[in-house]
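For reference, the structure discussed in these notes is given below.
The values are calculated or read from the model by the stated rules, or taken from the named source; none is laboratory data. Everything numeric here is computed off the predicted structure, so don't read it as measured data. No Cβ is skipped: glycine too gets one built from the backbone with ideal geometry, and neighbour counts run over all protein chains shown. Note: accessible area is taken over every heavy atom of the protein model, side chains too, but ligands, DNA and RNA are not part of it. Shrake-Rupley method; radii C 1.70, N 1.55, O 1.52, S 1.80 Å.
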Amino acid sequence: AQSVTQPDIHITVSEGASLELRCNYSYGATPYLFWYVQSPGQGLQLLLKYFSGDTLVQGIKGFEAEFKRSQSSFNLRKPSVHWSDAAEYFCAALGLTGGGNKLTFGTGTQLKVEL
Amino acid sequence: DVKVTQSSRYLVKRTGEKVFLECVQDMDHENMFWYRQDPGLGLRLIYFSYDVKMKEKGDIPEGYSVSREKKERFSLILESASTNQTSMYLCASSFGPEGARGYTFGSGTRLTVV
């Protein structure tokens, strides 16, 4: 079955430190991959997406993600975290065979930033 | 700015009530979706629609139905609300046959069933 896994439920980092949020997917073929962020009480905002080509993808708010086919991973990174980055982050995948036009989400990673 | 608007941010309903959650998008998107979000479970797809008057079941359709009479509006219906339907409900829309440009989400409706 198609699935997206975010192994870290909670992560705490200090402001200014680097960040990496992990995401693994299980699909028959490489899906389209996305990262979304959700601030408290808000809907989801798209940070970045990967379709094909360059495996390092740049997004908004200084985030980037690297696609690694061999590891079935799409980890989100930021060199220096700001207090305003505290939020919940969701990795998602859109399968093109059998899955149709439906995003499948991971369970999310809650990021806390210590000042 | 493009928007997906959910009519209510907070709702409190009684067990057994019929509940309507409304979602409107102004982007002329073909595809619309309803998810529910629960802690530790992420977002789970309830129903989706690729066109007016069509609908397809998602991963957890039991206890829900939907209506899409106009392209811009997608309603989620809880036929007889139960306490296990207390959740955050998120509506989304996307463009094109694959929605690969990404989804646009509403701000969510937090439903409490008492």
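Determine whether residue A:16 is outside any strand (DSSP E or B), open to solvent by less than 50 Å² (accessible area, probe 1.4 Å) and either more than 22 Å from residue B:102 (Cα to Cα) or polar (S, T, N, Q) (or both).
Numbers: outside any strand (DSSP E or B): yes; open to solvent by less than 50 Å² (accessible area, probe 1.4 Å): yes; either more than 22 Å from residue B:102 (Cα to Cα) or polar (S, T, N, Q) (or both): yes.
In short, yes.
Filter segment A:85-115 down to the residues that are at pLDDT below 95 and open to solvent by 20 Å² or more (accessible area, probe 1.4 Å), then identify the one that is nearest to the other protein chains (Cβ to nearest Cβ).
Ranking the qualifying residues of segment A:85-115, first place goes to A:107.
Please give the number of the condition residue B:28 fails out of (1) away from chain A (no Cβ under 11 Å); (2) open to solvent by 70 Å² or more (accessible area, probe 1.4 Å); (3) assigned to a loop (DSSP other than H, G, I, E, B); (4) closer than 30 Å to residue A:9 by Cβ.
Exception for residue B:28: condition (4).
What strands (runs of 3 or more DSSP E) lie completely within segment B:37-114 and have 3 or more residues being open to solvent by 20 Å² or more (accessible area, probe 1.4 Å)?
Values: elements: B:42-49, B:64-70, B:73-78, B:87-94, B:109-113.
Ranges flagged: B:64-70.
For segment A:39-55, give me each residue that is open to solvent by 20 Å² or more (accessible area, probe 1.4 Å) and under 22 Å from residue A:3 (Cα atoms). Lay out the reasoning, then the answer.
First, pick out the residues of segment A:39-55 that are open to solvent by 20 Å² or more (accessible area, probe 1.4 Å): A:39-42, A:45-46, A:49, A:51-55.
Scanning segment A:39-55 gives A:45, A:46, A:49, A:51, A:52, A:55.
Among the numbered conditions (1) under 20 Å from residue B:35 (Cα atoms); (2) assigned to a loop (DSSP other than H, G, I, E, B); (3) aliphatic (A, V, I, L, M), tell me where residue A:33 comes up short.
Checking residue A:33 against (1) under 20 Å from residue B:35 (Cα atoms); (2) assigned to a loop (DSSP other than H, G, I, E, B); (3) aliphatic (A, V, I, L, M), the one that fails is (2).
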